[in-house]
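In what follows, a structure is listed as structure tokens, so that the remarks can point back to it.
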Amino acid sequence: MVGAINLALDQEMARDQRIMILGEDVGLEGGVFRVTDGLQRKYGPRRVVDTPLAESAIVGVSLGLAVAGMLPVPEIQFEGFLYLALDQLCNQLGRYRTRSRGRFGLGVVLRVPWGGGIHAPELHSESPEAVLVHTPGLTVVAPSNPYDAKGLLASALRLGEPVVFCEPKRLYRAVKDEVPEGDYTVPIGRARVAREGKDLTIVAWGAMVREALRAAEELQAMGFAAEVVDLRTLAPMDSAAVVDSVRKTGRLLIAHEAPRTMGLGAEIAARVGEEALTSLLAPIERVTGFDAVMPLSQLEGHYLPDYRRIVAGARKTLAA
């Protein structure tokens, strides 16, 4: 995924001279995860800009650059630091099209390493997608594999609207995928069926998709065919893809890293209840993080949902 995102940034910067990157250590160091490695050498320090440790300023400057006609790609080094920029992100950037009566769409793509699984210290392993999705005016994307990461980032950079691009950091180097070197895009706002099945729908996004697919393999050995739906875009959400799958399977399990209460899984469950209630053969099951602060590294494995917890949840709803 590191290579795929780097390639997308490289190709889009070559295609559109208005695109520039800014953030902490993104230039000389190539970012803390080396996602922007080599881009400052290629495009210079005026297009790949190292900034102070000031998240609100990074997003605020990006807003100003976008008003002036640029297409900035700010990076927040870890998602836990995103809260420092919420005023600029939610009160300014997300509202600017409405506030300007449609004059400014502001093509800002905010990249955020996101989620747990790397044994990082406090404030480095959060899953704040519910806050972002709840903010009108923001598009929120969460790829689960290198191919989608490259294609979705290219689409985001061409959208011309504020996008928060959530990059599951535990997948940066965990998986390899065939990724075309040429130009392609993956449509924003459209989910994909990562695995087809008839007995149960598992909805996931980001790093949880990998766990869901592994759980589906375990369930297959037990005689159950689970369908895995990868949301890819969290806002706007492709709820039609989820509903269509549930109408086929009759059962739904939602897996996400974030805490359970008011998590995005609750919204998905509500939409299915509104649109496909009569198709459900069992109560909807959620497998999530806990309603607690993300623990430090030794307990991280107990906090994060994995394929075993998904299998247990699936067996529960299949037995209902």
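Each reported figure results from applying straightforward, stated rules to the coordinates on display, with no laboratory input. This one's a predicted model, so the numbers in the text were calculated from it and none came from an experiment. We place every Cβ from the backbone using ideal geometry, glycine too, and count neighbours over all the protein chains shown.
Structure values in brief
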quantity	calculated
Length gained when the stretch Ala14-Ala292 is fully extended (0.36 nm per residue, less Cα-Cα span)	95.7 nm
Relative contact order for the chain, counting Cα pairs under 8 Å that sit 6 or more residues apart, in percent	15
Mean Cα-pair separation over length for the range 27-133, i.e. relative contact order, pairs under 8 Å, 6 or more apart, %	24
Surrounding net charge for Ala282, when Lys and Arg each add one and Asp and Glu each subtract one, Cβ distance under 12 Å	+1
For the range 169-247: relative contact order, % (alpha-carbon pairs under 8 angstrom, 6 or more apart)	38
Glu122 paired with Met262, simple spin-label distance in nm, labels 7 Å along Cα-to-beta-carbon	2.1
Helix 264-276 axis, angle to the chain major axis (alpha carbon atoms, nearest 10°)	60
Between the range 139-189 and the range 45-99, the alpha-carbon center distance in angstrom	19
Under the Karplus curve 6.51 cos²θ - 1.76 cosθ + 1.60, θ = phi - 60°, whole-Hz ³J(HN,Hα) for the range 112-125, x wherever Gly or Pro sits	9, x, 9, x, x, x, 10, 6, 8, x, 4, 6, 10, 9
Least to most buried among Ile188, Ile254 (fewest other Cβ within 10 Å first)	Ile188, Ile254
3J(HN,Hα) from dihedral phi, the range 29-39, Karplus parametrisation 6.51/-1.76/1.60, rounded to Hz, x for glycine, proline	8, x, x, 5, 9, 6, 6, 9, 4, x, 6
Order of Thr98, Thr51 under a 10 Å beta carbon neighbour criterion, fewest first	Thr98, Thr51
Ranked list, fewest to most other Cβ atoms within 10 Å of each Cβ, for Glu300, Glu167	Glu300, Glu167
For Glu167, residues with placed amide H under 5 Å, excluding near neighbours	Val112, Trp114
At most 15 other Cβ within 10 Å, DSSP loop - chymotrypsin sites (Phe, Trp or Tyr not before Pro), the range 153-225	Tyr184
Alpha-carbon centroid distance for the pair the range 200-269 / the range 276-320, whole angstrom	10
Built amide H within the under 5 Å cut-off of Leu71, gap 5+	Ile19, Met20
Positive minus negative residues near Phe104 (Lys, Arg vs Asp, Glu; Cβ under 11 Å)	+4
Amide H contacts under 5 Å for Val49, placed H, 5+ residues apart	Ile21, Leu22, Gly23
